[in-house]
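Here's the structure we're looking at; comments come further down.
The values are calculated or read from the model by the stated rules, or taken from the named source; none is laboratory data. Computed from a predicted model, the values in this text were never measured in an experiment. Cβ coordinates were reconstructed from backbone atoms using ideal geometry, including for glycine residues, and neighbour counts include every protein chain displayed. The area values use the complete protein model at the heavy-atom level, side chains included, leaving out ligands, DNA and RNA. Shrake-Rupley method; radii C 1.70, N 1.55, O 1.52, S 1.80 Å.
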Amino acid sequence: LSSLKKFDEIKKANQAAAKKLVEDQLSSSSEDDDEDAEVKQGKILDKTFTIYTSQTDGDASELERTRQYMNEAFQSGAMTCLICIASVKRNQAVWSCCGCFCIFHLVCIQKWAKDSLFLVSSPLTDDDFGKKDYPWPCPKCRFEYKRSETPSRYYCYCGKVENPTVDPWLVPHSCGQICEREFKPSCGHKCLLLCHPGPCPPCPKMVTTTCHCKKAKPVPRRCSAKEWSCRLPCGRTLLCGQHACENPCHAGDCQPCPRVSKQRCICGRQTAERLCASPQWQCDQVCGKCLPCGNHTCEQVCHAGPCGDCPRSGKRSCPCGKTKFTLPCTEDVPTCGDSCDKVLECGIHKCSQRCHRGPCEICRQEVEKQCRCGKHTKRMPCHKPYLCETKCTKIRDCQKHQCRRKCCSGNCPPCDQVCGRTLGCRNHKCPSGCHRGSCNPCPETVDVKCNCGKTVIKVPCGRERTIRPPKCKQLCSRPPTCHHSTQEKHYCHFGRCPPCRQPCQKTLTCGHLCPVSCHDEALVKQAGLHQSAGPWEQPSEPAFIQTALPCPPCEVPVPV
């Protein structure tokens with residue numbers, strides 16, 4: 001009996017604790033914890049940006065992009081590894097891409113790099129393997145890294161500390177030291193933020209610099225915006241050598257001269273109005289000047305300088321090139337009568353005709369030819385290609401489909417079929433060509449909304465089923481479930497609204513108003529339930545039900 005009594009006491013205590021836990025979860029007390037977390041997050045961000053904002057007199061407008069990456073690092077489930085489609089936790093080893101700043105699990109990116117290098121180097125022979133440092137790409141932005149740049153250790157964002165410790169008062173995966181990475185484009189200064197994810201902000205240092213055209217006096221400006229224009233006319237002499245640049249003060253070289261002027265062609269026969277920026281131009285007339293031989297004229301089109309000697313003067317060879325003749329330019333070179341012996345188009349046999357003008361004929365000798373795949377031979381004219389009808393049975397580089405190309409040389413082309421495998425998101429299929437290894441991550445993003453739909457966050461496709469909905473700061477707009485006309489103010493949420501805590505205010509039979517809290521939806525323990533034999537037996541009905549209780553007796557004292 002004493003054991004049963006103790007069991008009942010412990011059972012009641014557990015039920016009371018469970019009831020209190022449910023009420024606490026439904027109440028707005030969790031919102032206070034969220035507000036405390038946001039205050040803590042704000043303090044960490046202010047600490048990270050302190051040195052930077054001290055250089056900009058408190059101006060943090062250039063930090064929005066970096067702030068977005070840091071907010072994602074704090075938000076639960078916002079940072080997702082695109083390779084395994086799982087959340088990146090603050091106690092896991094990670095790697096960050098220097099191109100898109102996307103964060104991956106260290107184990108996932110190592111496997112990705114290994115698979116990528118294997119797929120690139122697998123078609124190579126043993127002699128070629130290792131001679132070239134083939135790159136591997138980032139899964140998101142396809143930025144290429146060398147084989148030697150494959151990550152092997154876990155570092156913080158700035159790369160100073162290996163295996164940074166988990167500190168609740170720092171950005172996840174940060175060492176807490178000053179970043180000191182060089183700004184891009186390089187200006188000679190280094191980043192002043194504490195170790196942070198995402199790109200470094202623009203350089204906040206003040207430098208004294210002059211405008212593009214060097215006419216204005218030097219003025220102090222931010223290093224990230226040190227190039228500026230005074231808006232005065234440039235005035236530099238253009239490439240034509242006649243006019244000056246009229247554009248406002250600008251960076252780089254001046255544009256070509258836009259003016260039009262009369263210019264002669266190269267041979268000087270024609271004059272035309274043309275852009276001043278392109279003074280050299282050719283007309284379409286043949287030169288026609290008499291050459292030094294006195295028998296022929298120059299056949300070049302509009303040229304500068306002397307025409308040169310007659311192309312038919314001096315020693316000239318016969319058509320086959322074996323014999324040279326010294327003849328006047330008015331006479332044609334005769335054929336020598338010897339065999340031509342020029343190599344034909346087949347590259348094997350020579351022309352058997354006598355020295356002749358014009359191109360040689362096609363090779364007509366019959367040879368034993370082997371087909372492209374090397375399985376059949378046939379005697380046929382040398383100039384004709386020989387392709388058999390045998391289809392290639394080799395497996396293509398995808399390791400799934402046969403080549404099936406007629407008379408294949410063995411160098412089978414890449415597979416032309418679509419991969420079609422289901423991606424890791426389980427929503428889409430791979431649109432790439434058939435390939436080996438893992439498919440690229442799904443590039444799509446999905447909107448995850450709060451209950452009212454006014455707060456939205458974008459997550460990688462496939463994460464919408466596991467990520468927590470965003471916290472909404474809009475008030476809940478559901479109608480009250482009790483007799484009150486309005487419900488207590490609380491934020492947007494999923495599930496049932498918290499119990500109403502307003503005074504009941506129903507009119508009692510005596511005429512007074514009920515002063516206790518609203519009891520339209522009170523949790524009441526059911527009576528007459530089947531007594532379970534032990535903790536292994538599951539109850540068939542809930543122990544507590546939600547029901548409306550009658551108002552308690554009036555306790556207002558009255559004279560009697």
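Please note which strands (runs of 3 or more DSSP E) are completely contained in the range 179-267 and include at least 3 residues that are at pLDDT 85 or above. Working first, answer last.
On the way: elements: 206-209, 219-222, 260-264.
Hits in the range 179-267: 206-209, 219-222.
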Residue hits (the range 302-319; open to solvent by 70 Å² or more (accessible area, probe 1.4 Å) and outside any loop (DSSP other than H, G, I, E, B)) are Lys315
Would a scan of the range 170-179 turn up a residue that is open to solvent by 90 Å² or more (accessible area, probe 1.4 Å) and out of contact with any Phe, Trp or Tyr (no Cβ under 7 Å at 6 or more places or on another chain)?
-> no
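Might you let me know whether the range 274-295 holds any residue that is among the β-branched types (Val, Ile, Thr), in a loop (DSSP other than H, G, I, E, B) and open to solvent by 40 Å² or more (accessible area, probe 1.4 Å)?
Applying the first criterion (among the β-branched types (Val, Ile, Thr)) to the range 274-295 yields 286.
Checking the rest, the ones that are also in a loop (DSSP other than H, G, I, E, B) come to none.
No; the residues of the range 274-295 include none that is among the β-branched types (Val, Ile, Thr), in a loop (DSSP other than H, G, I, E, B) and open to solvent by 40 Å² or more (accessible area, probe 1.4 Å).
What tally of residues in the range 500-531 results from selecting those that are part of a loop (DSSP other than H, G, I, E, B) and either farther than 12 Å from Ala548 by Cβ or touching a Phe, Trp or Tyr at 6+ places or on another chain (Cβ under 6 Å) (or both)? Can you show your working first?
So the first thing to find is which residues in the range 500-531 are part of a loop (DSSP other than H, G, I, E, B), and the list is 500-502, 504-506, 508-512, 514-516, 518-521, 526-531.
With the extra rule that they be either farther than 12 Å from Ala548 by Cβ or touching a Phe, Trp or Tyr at 6+ places or on another chain (Cβ under 6 Å) (or both), the set shrinks to 501-502, 505, 508-512, 514-516, 526-531.
So the count comes out to 17.
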For the range 309-327, what are the residues that are farther than 23 Å from Pro359 by Cα and free of Cβ contacts under 8 Å to residues at least 12 places away in the same chain?
-> Leu327
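Within the range 441-448, is even one residue within 30 Å of Cys398 (Cα to Cα) and β-branched (Val, Ile, Thr)? Steps first, answer last, please.
Within the range 441-448, the first condition is being within 30 Å of Cys398 (Cα to Cα), and the residues that meet it are 441-445.
With β-branched (Val, Ile, Thr) added as a condition, the list becomes 445.
So far as the range 441-448 goes, yes, one or more of its residues are within 30 Å of Cys398 (Cα to Cα) and β-branched (Val, Ile, Thr).
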For the range 413-431, how many residues meet the condition of being at pLDDT below 85 and either open to solvent by less than 90 Å² (accessible area, probe 1.4 Å) or of a type in the set (Ser, Thr, Tyr) (or both)?
-> 4
Only residues that are touching a strand residue (DSSP E or B) at 6+ places or on another chain (Cβ under 9 Å), open to solvent by 40 Å² or more (accessible area, probe 1.4 Å) and part of a loop (DSSP other than H, G, I, E, B): list them for the range 141-159, please.
-> Phe143, Lys146, Thr150, Arg153
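Mind checking which residues of the range 320-333 are assigned to a loop (DSSP other than H, G, I, E, B) and surrounded by 12 or more Cβ atoms within 10 Å (Cβ to Cβ)? Walk me through how you get there before you give the answer.
Keep residues of the range 320-333 that are assigned to a loop (DSSP other than H, G, I, E, B), which gives 320-323, 327-333.
Matches in the range 320-333: Cys320, Gly321, Lys322, Thr323, Leu327, Cys329, Val333.
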Is it true that some residue in the range 440-462 is over 30 Å from Phe494 (Cβ atoms) and of a type outside the set (Phe, Trp, Tyr)?
-> yes
Of the candidates Ser224, Ser186, the one satisfying the condition of being closer than 30 Å to Val161 by Cα, open to solvent by 40 Å² or more (accessible area, probe 1.4 Å), free of Cβ contacts under 8 Å to residues at least 24 places away in the same chain and not aliphatic (A, V, I, L, M) is Ser186
Which residues, counting only those in the range 505-519, are surrounded by 13 or more Cβ atoms within 10 Å (Cβ to Cβ) and among the hydrophobic types (A, V, I, L, M, F, W, C)?
-> Leu508, Leu513, Cys514, Val516, Cys518
